[in-house]
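Heads up, the thing below is written out as structure tokens.
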Amino acid sequence: MTSHDINLTVDGTDEELIVEARTLLVHALRDELGYTAPNVGCESGKCGACTVHLDGEAVKSCTVLAVQADGSEVTTAAGLAEGDDLHPIQQAFREEHGLQCGYCTPGMVMTATDLLETESDPDRDEIRTALKGNVCRCTGYQNIVDAVESAAEDLRDPNTVETPTENPPGGGN
Ligand code: FES
Ligand code: FES
């Protein structure tokens, strides 16, 4: 099996690793580097649990080979928080009860963040459309859509953001 040296910047940290040609990005992140915020669900692009940002755009990291990401910047849900300060989307998921088991939440958070970076005031249909590739079996989507709507409001008016706490939603499990 052919191996490749690759470089990634993950949540602001430069990483160098050796991967097989067939290694998926999600496995490189979790198994080789220990970034456990992206979860492995279906491994076939259907559930969204593995979603990260690759050079600023949400991608399902089970659909990307690690070698394809060589030289790229990867952000996981754990990398959204700044120190003890939760990202407004993480804060909103916590406040609006948009998570229960947390398996889907990192992917939801990364997809929602991508949405709000391009559309600051999405309506509920747009939020549902953006999240259609992320599956949650626990909460129903009502609270998740509420959380994204609330985060959009907070991002448009940061003065409404409350002081965050530890244990960021989507920070890894
Ligand atoms: S594990 Fe990647 S989409 Fe399901
Ligand atoms: S909170 Fe999403 S699958 Fe349980």
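None of the figures in this text is laboratory data; all of them are computed from the coordinates on show. Keep in mind that what you see is a predicted model, and the values were worked out from it rather than measured. For neighbour counting, all protein chains shown are included, and Cβ atoms are generated from backbone atoms with ideal geometry for every residue, glycine included.
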>> Can you give the FRET efficiency to the nearest 0.05 for K46 and D84, using r as the Cβ-Cβ distance and R₀ = 30 Å?
In response: 0.30
> Relative contact order for the range 3-79: what is it in percent, counting Cα pairs under 8 Å that are at least 6 residues apart?
Replying inline: 38
> In debye, nearest 20: dipole of the chain around its Cα centre with unit charges on the Cβ of K, R (+) and D, E (-)?
Replying inline: 940
>> For a Förster distance of 35 Å, can you work out the FRET efficiency between the beta-carbons of T13 and R124, rounded to the nearest 0.05?
In response: 0.45
> Which value in Å is the Kirkwood Rh of the chain over different Cα pairs?
Replying inline: 16.1
> Residues in the range 58-82 near a label at E32, defined as backbone nitrogen under 17 Å from the 7 Å Cα→Cβ point?
Replying inline: 61-76
> Using Cα-only point scatterers and the Debye equation, what is log10 of I(q)/I(0) for the range 3-79 at each q in 0.17, 0.18, 0.19, 0.28 Å⁻¹, rounded to two decimals?
Replying inline: -0.52, -0.59, -0.66, -1.53
